[in-house]
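S.K.: Before I ask anything, let me first share the structure, which is written out below as structure tokens.
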Amino acid sequence: MRTRVSERVTAVAVAGVLALAGCSSPATPATGAGGGTLVVATAGEPDALNPVLNYGVDGASLIFDGLVARDARNELVPALARELPTVSVDGRTVTARLREGVLFHDGTPFTAQDVVFTYQAVLDPKVDSTLRSDLDMLASVAAPDPSTVVFTLRYAYAPFPQRLALGIVPAKALTGQDINKAEFNRRPVGTGPYRVTSWTPGDRLVLAANEKYWGGRPANSGVVVAFVADDNVRAQRMRAGEFDAAELAPKLATGFDGLAGYRVQRVPTADYRGVMLPAGNPVTADLAVRRALNAAVDRAAMVTGLLGGAGEPAFGPVPPTSEFAEPSIVGRPAADPAAATAALDAAGWRPGPDGIRVRDGRQAAFSLMYPATDSLRKELALAVTADAKKVGIKITPEGLTWDAITPRMKSDALVMGYGTPYDPDFVSYKLFGSAFAGQGFFNPGSYRSPVVDKALQDGRANADPATRRAAYATFQKQLATDLPWIFLTYLQHTYVVKDGLAGVTPRVEPHEHDVANSLWWNIHTWTRKS
């Protein structure tokens, strides 16, 4: 799910960009490294600026570095580690050797003890870190010397080197504090290419170039990340010239095609949208209803009409580009109303006088929630509603705030989004594992399957590629049988960028792409042509 976004939307006139960019309009370069401050706009806003508390998921933050990072092809490259970590023959010991001479933004030297502190903080049960389950394979982390870190695992875990993208925090700044409430969460100190100047929740995050960055001084003087939850407002402000780049819904982005001074970037992703059907609702818990919905939805029409072609039909949580994708689960992109009605008929759901199916006095009816400010999810919800009505299922779409959505997820359906291009263990282990049933956005519909649980565990506990592929094939087939979600589409993320920006380098993106894991993942290399 996307990071919860602020519902506060501030309509700002074009002149407001002067304040947004620290008294420097995007059209007027500021003084400093690279001669300008760049302004980008996104929908999502973090709850805290601390990697231990899930800021900068999978290492993308602009403020912090991990031991490793990802390049333009999403392949691991050394970051705070001077070379890629080494893995023992049995897969249970991972050793990282660190760069020397790296400084945190406050001038404190970076050492192995900072790495140890960061990972131990995630594992500390007193810390409210949603990442703890990501590291349940980690038995211990130790620093035999100031430039070496050794991770000892409980079992061989093939993706563990990817987990080392976690941003590293300075032990000195957080030792002895309640990390959940620390001022650091609002005023962090990292080693990354940018340091925090200010953060105004619901408005903007202002970053200044780290002049002493170990990777070289950024090519610009700073970045302002504007938080604009409403898609239409964000598009209006982009058109008014307030931003150098902005994330927009596909249909809104098409309005910039051919517009002088702008270009549209359509970026491939592993980001899917689907309808989560909770086990706690007597209608959505019925397998016949889920099968009918799966057949009734017209994925092809959604891609063409709602995405403007910027995507493809989705049938499961592992993207088709992944080596772990299971081709047998792929169904018909177009709607199959005959199959939908057959499933309902066989289960005893009979059309009522108003056309809505009924069984044992209960209508085939339920609510479908979506975040009100997300125009694409609204359109998907309305499309699902229309397709379901054709086969006698009544859906009531409801656009709500996240605060209103959260307590209802155990009983009401929700248009959700997730997805990662990195490893199938990421996201799916928590989203579909029984151990996480009903834990917020981890498996919110309380789906439980012993077959899926075993497959997910086998996939993460074995380093052998063939064993992993077999496990994830089983996982995907069982999901396609149980249908706890109706997968709808994979997206292309769409951005509008001002002409004249150099250094823009798209890469395949995950679902989470707010502050940094987005088109501007490498914004420290961007410059504005004069």
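S.K.: Let me confirm something: among Gly445, Gly459, which residue is in contact with an Asp or Glu (Cβ under 7 Å, 6 or more places away or on another chain), of a type in the set (Gly, Ala, Ser), in contact (Cβ under 8 Å) with a residue 12 or more places away in the chain and surrounded by 16 or more Cβ atoms within 10 Å (Cβ to Cβ)?
M.R.: Numbers: Gly445 fails: in contact with an Asp or Glu (Cβ under 7 Å, 6 or more places away or on another chain).
Exactly one of Gly445, Gly459 is in contact with an Asp or Glu (Cβ under 7 Å, 6 or more places away or on another chain), of a type in the set (Gly, Ala, Ser), in contact (Cβ under 8 Å) with a residue 12 or more places away in the chain and surrounded by 16 or more Cβ atoms within 10 Å (Cβ to Cβ), namely Gly459.
S.K.: If you don't mind, there's one more thing I want to ask. Given the criterion in contact with a Lys or Arg (Cβ under 9 Å, 6 or more places away or on another chain), of a type outside the set (Gly, Ala, Ser) and in contact (Cβ under 8 Å) with a residue 40 or more places away in the chain, identify the matching residue among Met409, Met416.
M.R.: Details: Met409 fails: in contact with a Lys or Arg (Cβ under 9 Å, 6 or more places away or on another chain).
Within the list Met409, Met416, the selection yields Met416.
S.K.: Please go through region 237-260 and pick out each residue that is of a type outside the set (A, V, I, L, M), assigned to a helix (DSSP H, G or I) and either free of Cβ contacts under 8 Å to residues at least 24 places away in the same chain or surrounded by 24 or more Cβ atoms within 10 Å (Cβ to Cβ) (or both). Explain how you work it out, then say what you get.
M.R.: From region 237-260, those of a type outside the set (A, V, I, L, M) are 237, 239, 241-244, 247, 250-251, 254-258; that's our starting set.
If we keep only those that are assigned to a helix (DSSP H, G or I) as well, we get 237, 239, 250-251, 254-256.
The answer is Arg237, Arg239, Gly255.
S.K.: Which of the residues spanning region 57-86 are surrounded by 14 or more Cβ atoms within 10 Å (Cβ to Cβ), modelled with pLDDT of 95 or more and over 17 Å from Gly215 (Cα atoms)?
M.R.: Residue satisfying the conditions is Pro85 alone.
S.K.: Among the candidates Val189, Val94, Val122, single out the residue that is modelled with pLDDT of 95 or more and out of contact with any Asp or Glu (no Cβ under 9 Å at 6 or more places or on another chain).
M.R.: Numbers: Val189 fails: out of contact with any Asp or Glu (no Cβ under 9 Å at 6 or more places or on another chain); Val122 fails: out of contact with any Asp or Glu (no Cβ under 9 Å at 6 or more places or on another chain).
Of the residues listed, the single one that is modelled with pLDDT of 95 or more and out of contact with any Asp or Glu (no Cβ under 9 Å at 6 or more places or on another chain) is Val94.
This table checks each residue for (1) surrounded by 19 or more Cβ atoms within 10 Å (Cβ to Cβ); (2) over 17 Å from Trp485 (Cβ atoms).
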| site | (1), (2) |
| --- | --- |
| Arg359 | no, yes |
| Ala381 | yes, no |
| Thr385 | no, no |
| Gly392 | yes, yes |
| Thr396 | no, yes |
| Lys410 | no, no |
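S.K.: Then there's this: Say whether the condition of being of a type in the set (Ser, Thr, Tyr) and farther than 30 Å from Ser518 by Cβ is met by at least one residue in region 447-467. Break it down into steps so the answer makes sense when it comes.
M.R.: Applying the first criterion (of a type in the set (Ser, Thr, Tyr)) to region 447-467 yields 447, 449, 467.
With farther than 30 Å from Ser518 by Cβ added as a condition, the list becomes 449, 467.
The answer is yes, given that some residue of region 447-467 is of a type in the set (Ser, Thr, Tyr) and farther than 30 Å from Ser518 by Cβ.
Residues checked against (1) assigned to a strand (DSSP E or B); (2) in contact (Cβ under 8 Å) with a residue 40 or more places away in the chain; (3) open to solvent by 10 Å² or more (accessible area, probe 1.4 Å); (4) touching a helix residue (DSSP H, G or I) at 6+ places or on another chain (Cβ under 7 Å):
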position	(1), (2), (3), (4)
Gly202	no, yes, no, no
Leu205	yes, yes, no, no
Glu211	no, yes, yes, yes
Arg217	no, yes, yes, yes
Asn220	no, yes, no, yes
Ala229	no, yes, no, no
Arg234	no, yes, no, no
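S.K.: Please go through region 390-420 and give me each residue that is part of a loop (DSSP other than H, G, I, E, B), of a type in the set (S, T, N, Q) and under 14 Å from Thr284 (Cα atoms), ordered by number. Let's see the steps before the verdict.
M.R.: Start the filter on region 390-420 by keeping residues that are part of a loop (DSSP other than H, G, I, E, B), which leaves 390-393, 401, 409-412, 419-420.
Now narrow it down to the ones that are of a type in the set (S, T, N, Q): 401, 411, 420.
Of everything in region 390-420, just one residue is part of a loop (DSSP other than H, G, I, E, B), of a type in the set (S, T, N, Q) and under 14 Å from Thr284 (Cα atoms), namely Ser411.
S.K.: Inside region 322-374, can you point out the residues that are in contact (Cβ under 8 Å) with a residue 40 or more places away in the chain, over 30 Å from Gly459 (Cβ atoms) and in contact with a Phe, Trp or Tyr (Cβ under 8 Å, 6 or more places away or on another chain)?
M.R.: Matches in region 322-374: Ala364, Pro371.
S.K.: Scan region 193-220 for residues that are aromatic (Phe, Trp, Tyr) and over 25 Å from the mean Cα position of the chain (by Cα) and report the count. Before you say what the answer is, go through the steps one by one.
M.R.: First, pick out the residues of region 193-220 that are aromatic (Phe, Trp, Tyr): 194, 199, 213-214.
The next check asks that each one be over 25 Å from the mean Cα position of the chain (by Cα); those that pass are 213-214.
The qualifying residues number 2.
The values are calculated or read from the model by the stated rules, or taken from the named source; none is laboratory data. For clarity, every value in this text was computed on a predicted model and none was experimentally measured. Heads up, the Cβs are rebuilt from the backbone with ideal geometry, glycines too, and the neighbour counts pull from every protein chain shown. Ligands, DNA and RNA are stripped out before the accessible areas are found, and what is left, the full protein with its side chains, is counted by its heavy atoms. Shrake-Rupley method; radii C 1.70, N 1.55, O 1.52, S 1.80 Å.
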